[in-house]
1. Give Arg45, Arg53 a once-over and let me know the one that is at pLDDT 95 or above and open to solvent by 60 Å² or more (accessible area, probe 1.4 Å).
2. Can you pull out every residue in the stretch 1-38 that is open to solvent by 100 Å² or more (accessible area, probe 1.4 Å) and at pLDDT 90 or above?
3. Any residue in the stretch 34-61 that is in contact (Cβ under 8 Å) with a residue 24 or more places away in the chain sitting within a Cβ distance under 8 Å of a residue that is open to solvent by 100 Å² or more (accessible area, probe 1.4 Å) and part of a strand (DSSP E or B)? List the pairs, counting only those 6 or more apart or interchain.
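The values are calculated or read from the model by the stated rules, or taken from the named source; none is laboratory data. Worth saying up front: this structure is predicted, and the values here are computed from it rather than measured. All Cβ positions, glycine included, derive from the backbone under ideal geometry; neighbour counts span all protein chains shown. SASA here: full protein model, heavy atoms, side chains in, ligands and nucleic acids out. Shrake-Rupley method; radii C 1.70, N 1.55, O 1.52, S 1.80 Å.
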Amino acid sequence: MTAQVDEDVPPSTKLKATCRTEACQMNGEPITGTYFANAEPPTYRGWCGECDRPITDLVPV
Ligand SMILES: [Zn+2]
């Protein structure tokens, strides 16, 4: 049994995530981290550790 690898999507990539939740301490603070690709879109998912909400502002570094 061989694992199917999607050549178009790297298994992990560095992204800059910026929380956009007002009232969150990390609002507007970009955090760079390594993100792993998911099988279904959205491929990369960020989660704010401060306000516990999904981060939609993800940009490649
Ligand atoms: Zn936040």
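1. After ruling out the rest, the residue left standing is Arg53.
2. Lys14, Arg20, Glu22, Ala23, Gln25, Phe36 - these are the residues of the stretch 1-38 that are open to solvent by 100 Å² or more (accessible area, probe 1.4 Å) and at pLDDT 90 or above.
3. Tyr44/Phe36; Arg53/Trp47; Ile55/Trp47; Pro60/Lys14; Val61/Lys14
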